[in-house]
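Scroll down for the structure; my scribbles are underneath it.
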Amino acid sequence: MSTELPELAEGNYYYETLGGGRYRSTIHVQGAWNPHEQHMAPASGILAEALLRHEPRDDMRIARISYEILGLIPGGEFSIASTTLRPGRTIELIQAELTAAGRTAIRATAWRMATSDTSAVAAIEDETMPPPDECKPWDGASVWPGGYIRSLEMRIAEGHRAGSGKVWIHTDVPLTDAGDSRDFARLIGLVDTANGIAARVSPGKNSYLFPNLDLQIHMYREPVGDWLGLDNKVSFGADGIGLTSTVLHDLDGPFGRAEQILTLRRS
């Protein structure tokens, strides 16, 4: 894989729409581990957008998305193709793949489920986070490099420490130049940030790298709005494998959970 900087789109959005399922990333998508790759967060957002647009049904919603990161995600131009893996009247499994530089970089599958009125028994056990206006501004770019991190507004709750923290994230950067993405895709496009908000060790030389190999998101409610809350815990095992676990919030409260398996490597 070439480490040369890719040809990027220019504009105040994450992706330029080229038509026919093709896109080009901007500097706002630049990753934190390598300058020539895309950050997984906006990449997962554009895949969520593709899943939403694939044969949509008003009587169903996406309840789980499983992202498999199959290698470095090259910056620049790429394509997305969507398909139905398991059609059904009440449950469907759909898929979207991001292909760049001649290979599939991310495979996303989503369970889409029929909705019904279960308000009589609705209950949530996850605890709420302090709202953004009760949290302090936090400069994530002072910890992490890359254009994506610089595109974020972040606010941090009291009690933040290495391995555990509560952080709110917001961006004014649209997902695409079309500017018509739903709240769902834009919020899902922030979730992968969870792996960097309460790192157990500082990234950089003479420390550890801890990229995630996947992103699993389960949602008992569809998220809305433009603020994503991350109530986050990070565990490192003794054999080179770690886990980032996060309760996901919007301004209405918790809506689901995310898990990211990590590969720990000396830097």
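Give me the extension gain from Ser116 to Thr83: residue separation times 0.36 nm, minus the current Cα-Cα distance, reported in nm with one decimal. Spell out each step's value before the answer.
Numbers: separation 33, 0.36 × 33 = 11.88 nm, distance 2.50 nm.
Length gained, Ser116 through Thr83: 9.4 nm.
Counting each pair of different Cα atoms once, what's the Kirkwood radius of the range 104-189 in Å, rounded to one decimal? Show your work: numbers first, answer last.
Details: mean 1/r = 0.0606 Å⁻¹.
Evaluated on the range 104-189, it is 16.5 Å.
Between Thr118, Thr109, Thr90, which gets the highest mean-square fluctuation from a Gaussian network model of the chain, Cα cutoff 10 Å?
Of Thr118, Thr109, Thr90, the most mobile in the Gaussian network model is Thr118.
What residues have an amide H closer than 5 Å to that of Thr176, excluding those fewer than 5 places away on the same chain, when H is modeled at 1.01 Å from N in the peptide plane?
The answer is Tyr14, Tyr15, Ser181.
Among 211-220, 122-131, 24-33, what's the highest-first ranking by average C-beta atoms within 10 angstrom per residue?
On the way: 211-220: 18.2, 122-131: 11.8, 24-33: 23.6.
Descending packing order for the listed peptides: 24-33, 211-220, 122-131.
Tell me the Kirkwood radius of the chain: reciprocal of the mean inverse pair distance over distinct alpha-carbon atoms, in Å.
Values: mean 1/r = 0.0532 Å⁻¹.
By the Kirkwood definition, the hydrodynamic radius is 18.8 Å.
Taking a probe of 1.4 Å, how large is the accessible area per residue of the chain, in Å²? Intermediate values should be presented prior to the final figure.
Details: 12660 Å² over 267 residues.
For the chain, the solvent-accessible area averages 47 Å² per residue.
Could you please state how large a percent of the accessible area of the range 145-236 is carbon and sulfur, counting protein chains only and using a 1.4 Å probe?
Values: 1790 of 3760 Å².
The value for the range 145-236 is 48 percent carbon and sulfur by accessible area.
The values are calculated or read from the model by the stated rules, or taken from the named source; none is laboratory data. As the structure is a computational prediction, the values presented were derived from the model and not from experiment. Glycine gets a Cβ as well: all are built from the backbone with ideal geometry, and neighbour counts include every protein chain shown. Side chains included, ligands, DNA and RNA excluded: accessible areas come from the protein's heavy atoms. Shrake-Rupley method; radii C 1.70, N 1.55, O 1.52, S 1.80 Å.
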